[in-house]
Amino acid sequence: MPKLRARLVGIWHWPGYRLFGRCWAEGCGRLMILHSPWALYICERTPLGISVTPEGEARYQAMVIEQAEDDFAA
Ligand SMILES: [Zn+2]
C-alpha cells in the first residue's frame, strides 16, 4: 500500500490535471475536460508532444535511488 503522503499528492493533483490541464498528446493541446471518452482513448495512444529534459531525467534517477534505499533499508 502506498504511503499516505503519496496518495494525498495524487488526490491533490488529479483535479489540476483532469479539469484544468492541457493534453500532452502530439498535435492536441486541448483542455483534458473537453475530451470525449473516445478522444481520450485516441490521445492516450498518441506519442507525447513533450520530452524529458536531462534535468528531469537526473531528478527521476535520484527519486529511483531514494525509493530503492527506502525499500531495502535494513
Ligand atoms: Zn488530447
State whether one or more residues within region 9-28 are assigned to a helix (DSSP H, G or I) and charged (D, E, K, R).
yes
Among the residues listed as SER36, SER51, the single one being under 20 Å from PRO15 (Cβ atoms), out of contact with any helix residue (DSSP H, G or I) (no Cβ under 9 Å at 6 or more places or on another chain) and either touching a residue at least 40 places away in the same chain (Cβ under 8 Å) or hydroxyl-bearing (Ser, Thr, Tyr) (or both):
SER36
Just checking, does region 41-52 include any residue being assigned to a helix (DSSP H, G or I) and of a type in the set (A, V, I, L, M)?
yes
If GLU26 satisfies all but one of (1) within 15 Å of the chain's Cα centre (by Cα); (2) surrounded by 11 or more Cβ atoms within 10 Å (Cβ to Cβ), what's the number of the condition it fails?
(1)
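Residues are listed down the side, and each one gets a yes or a no for (1) of a type in the set (A, V, I, L, M); (2) surrounded by 10 or more Cβ atoms within 10 Å (Cβ to Cβ):
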{"residue": "LYS3", "(1), (2)": "no, no"}
{"residue": "TRP12", "(1), (2)": "no, no"}
{"residue": "GLY16", "(1), (2)": "no, yes"}
{"residue": "LEU40", "(1), (2)": "yes, yes"}
{"residue": "THR46", "(1), (2)": "no, yes"}
{"residue": "GLY56", "(1), (2)": "no, yes"}
{"residue": "TYR60", "(1), (2)": "no, yes"}
{"residue": "ALA68", "(1), (2)": "yes, yes"}
Say whether the condition of being within 16 Å of the ligand (Cβ to nearest atom) and of a type in the set (D, E, K, R) is met by at least one residue in region 59-71.
no
For GLY56, state whether it is within 16 Å of the ligand (Cβ to nearest atom) and without any contact (Cβ under 8 Å) to a residue 60 or more places away in the chain.
no
Give me the pairs: first residue in region 22-33 and within 6 Å of the ligand (Cβ to nearest atom) and modelled with pLDDT of 90 or more, second residue of a type in the set (Ser, Thr, Tyr) and not in a strand (DSSP E or B), beta-carbon distance under 6 Å, and six or more apart or on different chains, which are they?
ALA25/THR46
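The values are calculated or read from the model by the stated rules, or taken from the named source; none is laboratory data. Here the structure is a predicted model, which means the values were calculated and not measured. With ideal geometry, Cβ positions are generated from the backbone for all residues, glycine too; neighbour counts draw on all protein chains shown.
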